[in-house]
Amino acid sequence: MTIKENISLLPYNTFGLPAKAKIFTEYSSVEELRALLEKYKGEPLLHIGAGSNLLFTKDFDGVILHSAMRRARCVSEDADYVWIEAENGLVLDELIAQLCDMGISGLENLSYIPGEVGASAVQNVGAYGVEAKDVIESVRAVSIADGAERIFSNAECQYGYRDSIFKNSLRGKYIITHVVYRLNKHFEPKLNYGNLSSEVGSNPTPMSVREAVIRIRQQKLPEVSELGSAGSFFKNPVISHEAYETLTRQIRDDRVPHYEQEGGVKIPAAWLIEQCGWKGKSIGGAQCYPKQPLVLVNTGSATADDIVALAAAICKDVQDKFGITISPEVNYI
Ligand SMILES: Cc1cc2nc3c(=O)[nH]c(=O)nc-3n(C[C@H](O)[C@H](O)[C@H](O)COP(=O)(O)OP(=O)(O)OC[C@H]3O[C@@H](n4cnc5c(N)ncnc54)[C@H](O)[C@@H]3O)c2cc1C
């Protein structure tokens, strides 16, 4: 276990903001995690992964927890499926690369999403028509209050679009330590999203889908090593069918991009933001990324205030122009 004081969080957030933490800890086992929870009982705690969905708005006057548990193992298999248990600190993309290498499928569409296994099960990460919840069998977690372990079935995680029980009623109450995935031995490619099918070509394999996803992502999204960001800053809003009809009448255009979905119609937030003229615009060092307006980037000199101001201005304009509320996917700390 390591414990450091007054440490810069610059290497721990992909926005590249220079916040500091009073205490930064890293544990290598569940026992060490329990010992840290006991030691720092009553202090403000924040468990982080790779910091790719965090916006540090100020210094963190408490204890940051980070996992150095990075193993994965097969816990069961039958003729059709293999159950893989991964530790929370394993980089999700490293796990996916290994699985694709072994011809095991289910996670390949999520290739190249930054971040660690634990957070991916909190966020229910998704891309190219697949969400983590599609293959998560269960999640093992430790209670922050008393260190007790609890296993959550997929249904108990209450997954939704970039959402789970760990972001709602159990927010800040559990630390996910392990995720069990049920993965397919027989490849059933999911290529219906966007131009994925043409990018993959014929005779797809888990690895060729992974490679195609990476190629597409590299064309569209900024590399965090070059331009700080947290990926999509906003969630795509889901509105009622009535609200959608009103919207198309109001702007006299029935070509508003939309996707039918359970409970309503999903409108791409990127389109709403672009219609409001924000694509490529900046406030201070924060910019609405020209290639993908859903992403806000740190052009190098952005402060957290710049990013907060840009996000607020975009939300206000979308609300004023369309009457639609867009909310951040990114976690403000
Ligand atoms: C360039 C870029 C592209 C992206 N593309 C996508 C995409 O296509 N799809 C998508 O869904 N997301 C995407 N994201 C967002 C991000 O990668 C995901 O949200 C990812 O799951 C965050 O993982 P992390 O390890 O960095 O978590 P962090 O950002 O460190 O933490 C995220 C949240 O999870 C909590 N948390 C972290 N670990 C644990 C744990 N073990 N137990 C309980 N809570 C925990 C944190 O407290 C925080 O609230 C992108 C981000 C970037 C920078």
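The values are calculated or read from the model by the stated rules, or taken from the named source; none is laboratory data. Everything numeric in this text was worked out from a predicted model, so none of it was measured. Using ideal geometry, Cβ is built from the backbone for each residue, glycine included, and neighbour counts are taken over all protein chains shown. With ligands, DNA and RNA removed, areas are computed over all heavy atoms of the protein, side chains included. Shrake-Rupley method; radii C 1.70, N 1.55, O 1.52, S 1.80 Å.
Worth a mention:
- Residue in the stretch 210-220 that is more than 9 Å from the ligand (Cβ to nearest atom), aliphatic (A, V, I, L, M), under 20 Å from Ile136 (Cα atoms) and in contact with a helix residue (DSSP H, G or I) (Cβ under 6 Å, 6 or more places away or on another chain) present: no
- Residue count, the stretch 180-203 (criterion: crowded, with 19+ Cβ neighbours inside 10 Å and without any contact (Cβ under 8 Å) to a residue 60 or more places away in the chain): 1
- Scan the stretch 157-203 for residues that are in contact with a Ser or Thr (Cβ under 7 Å, 6 or more places away or on another chain) and among the aliphatic types (A, V, I, L, M) and the total you get is 4.
Listed here are the residues, each with its yes/no results for (1) polar (S, T, N, Q); (2) without any contact (Cβ under 8 Å) to a residue 60 or more places away in the chain; (3) near the ligand (Cβ under 9 Å from one of its atoms).
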position	(1), (2), (3)
Ala50	no, no, yes
Thr57	yes, no, no
Gly62	no, yes, no
Leu65	no, no, yes
Arg73	no, yes, no
Tyr81	no, no, no
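- Taking the criterion of being open to solvent by less than 20 Å² (accessible area, probe 1.4 Å), modelled with pLDDT under 95 and closer than 16 Å to Gly231 by Cα, no residue of the stretch 259-309 qualifies.
- Applying the condition of being open to solvent by 10 Å² or more (accessible area, probe 1.4 Å) and not charged (D, E, K, R) to the stretch 20-33 and asking which residue is farthest from Leu90 (Cα to Cα) yields Ile23.
- From the options Ile96, Ile151, residue that is among the β-branched types (Val, Ile, Thr) and within 30 Å of Ala35 (Cα to Cα): Ile151
- Hits in the stretch 61-90 (condition: crowded, with 22+ Cβ neighbours inside 10 Å and assigned to a strand (DSSP E or B)): Ile64, Ser67, Ile84, Ala86, Glu87
- Number of residues in the stretch 162-178 that are open to solvent by less than 20 Å² (accessible area, probe 1.4 Å), in contact (Cβ under 8 Å) with a residue 60 or more places away in the chain and near the ligand (Cβ under 9 Å from one of its atoms): the value is 3.
- Which numbered condition Thr248 misses (of (1) more than 15 Å from the ligand (Cβ to nearest atom); (2) under 19 Å from Gly160 (Cβ atoms)): (2)
- For the stretch 91-118, a tally of residues being more than 10 Å from the ligand (Cβ to nearest atom), of a type outside the set (S, T, N, Q) and not in a helix (DSSP H, G or I) returns 5.
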